[in-house]
Every structure is written in structure tokens, then in C-alpha cells.
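So the structure is just underneath, and the comments pick up after that.
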Amino acid sequence: MKLQQLRYVCEVVRQRLNLSEAAEHLHTSQPGISKQIRQLEDELGVDIFVRKGKRVVEITPPGKAIVAIAERMLKDAENLKQVGKEYSSEDIGTLTIATTHTQARYVMPQVIASFTKRYPKVRLNLHQGSPTQISEMVSSGAADIAIATEAIERFDDLIMLPCYRWNRCVVVPPNHPLLKQKLLTLEQIAKYPIITYDFAFTGRSKINRAFELRKLIPNVVLTAIDSDVIKTYVAQGLGIGILANMAFDAKTDKNLRALDASHLFESSTTRIGIRRNNYLRGYIYDFIELFSPHLNRKVVELALSGSKGADYQL
């Protein structure tokens, strides 16, 4: 049994049983993958896949158990490499973070500045996407940690570590009629065209839920994945904006005004997502603590191990 054979099996599953795509992704040949998987099946004495001619069409019941074990073995093999790196060069390496635009633009700059000052030899890779996309990156091993508000909880192989709670504000141009209201209401907001986040981003479901509970239908005329885009179109007079409160800065957004909307919407929680039982380099623990001080190394290690003593709630 070879690790390479296990990689072939797992990649075929990852590519939805398409041998050609698995071979292309692994930079090898389709016959080579087929041969190695056959040899592994002969060694184990069971079929991992159901075949029709040269095509793989299904995973057998024992194959499902084998795939699950193979994935764990490959992760453990990668963890062994990480241990070696940890003790040979504790302050050299790569940290890949998958996050949303709002987190990358408005929350992380100070954290990254502090981290790079502490670890100048660690290369940071920052990937942006929807919450689902960035969670998939961590789940597949393409990123070390995910930082998002939604979607992480839908991935069973990720540990969710709550970082902080936040709410929303309504942004409008200067002299907008809403600025004269003493206390903002959903009924008042619903009278105007609304520009806000795409449904997959930044707590959008909680915005929708608030209007539904009041039996209101918001007039959403434009959605975007980028807070800066929302503010740009609000400034152009296309509507009022609903966005994360951390995305508004009175100093830089001088052409807009913000109204607190935290009493109208349920608060959201930004979380860090990490693969279960994953081995983390020391500097990754430090980054997590810089981002969220209550998540120190001991707390994170307990969470990753599944210990009942882990207490990382806000």
C-alpha cells in the first residue's frame, strides 16, 4: 500500500469519479491511476469502485469506508511534514487565509501588520471569495484557515471558533430624509431602493429574515459582494445601503452618512474555520490569537482535539 495510491483514490472521489479530471489534476495519466487503484483493490481484497467498462460509476460500501480512512491517512501524513517544518524552522513558512472582502478590507489590515512584524519570514497568501468558497478551500486543504460569517457551519469537517459579533448600519447620502428620523425602522427603510450584499455574503439571510418577520418586502435594486461597491452606488443616488458596520468609516466615507441599524437586525458572528485534527504551525496559533485574543493556543488546541474542556464561546 502506498500513499500515492490513496491520493489517487481520494482525487477520483473529489473529481466526482471522473478519471480524466483526476489524472489532469494530479499531472499523471488515466491508465496509471486505474492501474494503481486496481493494485490497491487487489491488496485489500475488495473493490473500491463500481465500474462499467472503463468508467467509474459508483463507490462501493467498503469503498466508502476506505475513502474515509484514506483521507485521514493523507491528512496525518501532511501533519507529519508540518511537524518537521515546525521544529526545523519555527518562523519560516506560509500561511494561507481564505476570507471575504469585508474581513480582508476592514478587519484584517491591522492584524496582518502586527503578524508580519512578528513573523517577517512567513509568506501570507490571502484568498477572497464567498463564505462557501473559502470554507471549501480549508476543507480541501488549499487554505489553512477560513474567516467568514456564514456557511462555515455547513462543513462538518471544520471546527468553528467564534471571534466577534457585529451588526449593520444603513448608509445614505448627506441630507437624505432618513437622517431626520429619531429612531430608524424597517418600515422607513422599505420605502427606499436598497443596495446590499449578495445573498451568499455577510449575514444577508438575517437582513431578509428581519423584513419577513415584519411582513415587509424590501426593494433590493442592486446586490454586490463588495462593501465599497455598495457605498459607491449609494453615493451615486441609486438607493440606500445596508452593510456591515465595520465597513463604514466616517473619516474616509465623507460623502456618506451612517445610521445605526443594530436594533433592527439580529447580530452576526464572525468565525474562524479550521479542519478538525489539523496540525497547525506555531505562527498560525499566533495569528488566530492576534485576530481574536480570547482564542489562545490552549483554547484552539482543545477545540481541535474535540476535548470536552474546550470553552471558546463568546
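The values are calculated or read from the model by the stated rules, or taken from the named source; none is laboratory data. Quick caveat: nothing in here was measured; it's all calculated off a predicted structure. Because the Cβ atoms are built from the backbone with ideal geometry, glycine has one as well, and the counts that use them run over all protein chains shown. Calculation scope for accessible area: heavy atoms of the full protein, side chains included, ligands and nucleic acids excluded. Shrake-Rupley method; radii C 1.70, N 1.55, O 1.52, S 1.80 Å.
So Ser114 passes all but one of these: (1) in contact with a helix residue (DSSP H, G or I) (Cβ under 8 Å, 6 or more places away or on another chain); (2) modelled with pLDDT under 95. Which condition number does it fail?
Result: Ser114 passes all but (2).
Condition test on Ser135, is it under 19 Å from His101 (Cβ atoms), hydroxyl-bearing (Ser, Thr, Tyr) and either assigned to a strand (DSSP E or B) or open to solvent by 10 Å² or more (accessible area, probe 1.4 Å) (or both)?
It is false that Ser135 is under 19 Å from His101 (Cβ atoms), hydroxyl-bearing (Ser, Thr, Tyr) and either assigned to a strand (DSSP E or B) or open to solvent by 10 Å² or more (accessible area, probe 1.4 Å) (or both).
So which helices (runs of 4 or more DSSP H) are wholly in segment 1-64 and hold at least 1 residues that are of a type in the set (Gly, Ala, Ser) and over 20 Å from Ser140 (Cα atoms)?
Once the helices (runs of 4 or more DSSP H) in segment 1-64 are filtered for at least 1 residues that are of a type in the set (Gly, Ala, Ser) and over 20 Å from Ser140 (Cα atoms), what remains is 30-44.
Inside segment 160-267, counting only strands (runs of 3 or more DSSP E) that do not spill past its ends, which hold 1 or more residues that are under 24 Å from the mean Cα position of the chain (by Cα)?
Of the strands (runs of 3 or more DSSP E) lying wholly inside segment 160-267, those with at least 1 residues that are under 24 Å from the mean Cα position of the chain (by Cα) span 168-172, 194-197, 220-224, 240-244.
So which of Arg154, Arg204 is charged (D, E, K, R) and closer than 17 Å to Met246 by Cα?
Arg204
When the residues of segment 10-31 are narrowed to those that are hydrophobic (A, V, I, L, M, F, W, C) and within 26 Å of the chain's Cα centre (by Cα), which ends up modelled with the lowest pLDDT?
Leu26
For segment 92-110, which residues satisfy the criterion of being of a type outside the set (Ser, Thr, Tyr) and either surrounded by fewer than 13 Cβ atoms within 10 Å (Cβ to Cβ) or in contact with a Ser or Thr (Cβ under 9 Å, 6 or more places away or on another chain) (or both)?
Once the filter is applied, which keeps residues that are of a type outside the set (Ser, Thr, Tyr) and either surrounded by fewer than 13 Cβ atoms within 10 Å (Cβ to Cβ) or in contact with a Ser or Thr (Cβ under 9 Å, 6 or more places away or on another chain) (or both), segment 92-110 yields Ala98, His101, Gln103, Arg105, Val107, Met108, Pro109, Gln110.
Do we have any residue at all in segment 103-111 that's modelled with pLDDT of 95 or more, β-branched (Val, Ile, Thr) and part of a helix (DSSP H, G or I)?
yes
Among Val56, Val107, Val13, which is in contact (Cβ under 8 Å) with a residue 40 or more places away in the chain, β-branched (Val, Ile, Thr), in contact with a helix residue (DSSP H, G or I) (Cβ under 8 Å, 6 or more places away or on another chain) and under 30 Å from Arg204 (Cα atoms)?
Just a single option satisfies the conditions, and that option is Val107.
Scan segment 272-290 and report the pairs whose first residue is more than 12 Å from Ala143 (Cα to Cα) and part of a helix (DSSP H, G or I) and whose second residue is at pLDDT 90 or above and among the small types (Gly, Ala, Ser), with Cβ atoms within less than 9 Å and a gap of 6+ or a chain change.
Once the first residue is more than 12 Å from Ala143 (Cα to Cα) and part of a helix (DSSP H, G or I) and sits in segment 272-290, its partners that are at pLDDT 90 or above and among the small types (Gly, Ala, Ser) give Leu290/Ser114.
Of all residues in segment 160-180, which are at pLDDT 90 or above and open to solvent by 60 Å² or more (accessible area, probe 1.4 Å)?
Correct list: Arg165, Asn175, Pro177, Leu179, Lys180.
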